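Student: So that we are looking at the same thing, I have put the structure below in structure tokens.
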Amino acid sequence: MMKKLLVFVSVLLLGFPAVEVLAVHPDTGPGCGLGKVAWQDYKNHDMIGPQLLMSTTNNTILPWQAFGITSGTLGCKNNGKWFAEHKAAVFANVNFEDLQQEMARGQGEHLASLATLMGVPAEQHPAFFAMTQEKYPMLTEAGQTSPVALVNALHDAMAAHPVLAKAVSNR
């Protein structure tokens, strides 16, 4: 049975036209991390043995690959953002009631934090606060809105605002 499986996989791979496409962009190993750094000078590091050593080093000693990704070290790259498009919605979900109260007042530290998470520069926070207070009834729709809907409504309101439109275009 195992021999039949190997023959099937071999035929599939050899007869599959995408093999040529894959060869154009060959993988040079298992990503990044301590294993990649430690074994990168090994001659023919694209062979199975060195790649297994890279992977084993990354996954057994400590979570080196995760450390490299989060810190931007060990040959790993990142842009410094953690699911940037969702951070305002997550914050709004956790602080929904406080945000609604502060939007009605037009001020507050939760509202200031949300403004920052939405990319509003500190010097434009007063305009953001005034806009949320002015549009509070529309933004909250008498308690019918969800945190995600609130953030989306805020983005729409910012896009139509003469001062805040630039902040929403940078998100």
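Student: Which count do you get for residues in the stretch 11-62 that are over 31 Å from the mean Cα position of the chain (by Cα) and either assigned to a loop (DSSP other than H, G, I, E, B) or modelled with pLDDT under 75 (or both)?
Tutor: 13
Student: Name the pairs: first residue in the stretch 107-127 and within 14 Å of Ala88 (Cβ to Cβ), second residue part of a helix (DSSP H, G or I) and of a type in the set (Asp, Glu), Cβ to Cβ under 7 Å, at least 6 apart or on different chains?
Tutor: Matching pairs, first to second residue: His110/Asp98; His110/Glu102; Leu111/Glu102.
Student: Another one. Grab the helices (runs of 4 or more DSSP H) fully contained in the stretch 104-148, keeping just those with 2 or more residues being closer than 17 Å to Pro162 by Cβ.
Tutor: Numbers: elements: 109-117, 125-134, 136-140.
Here the list reads 125-134.
The values are calculated or read from the model by the stated rules, or taken from the named source; none is laboratory data. Keep in mind that what you see is a predicted model, and the values were worked out from it rather than measured. Cβ sites come from the backbone with ideal geometry, for glycine too, and all protein chains shown count toward neighbours.
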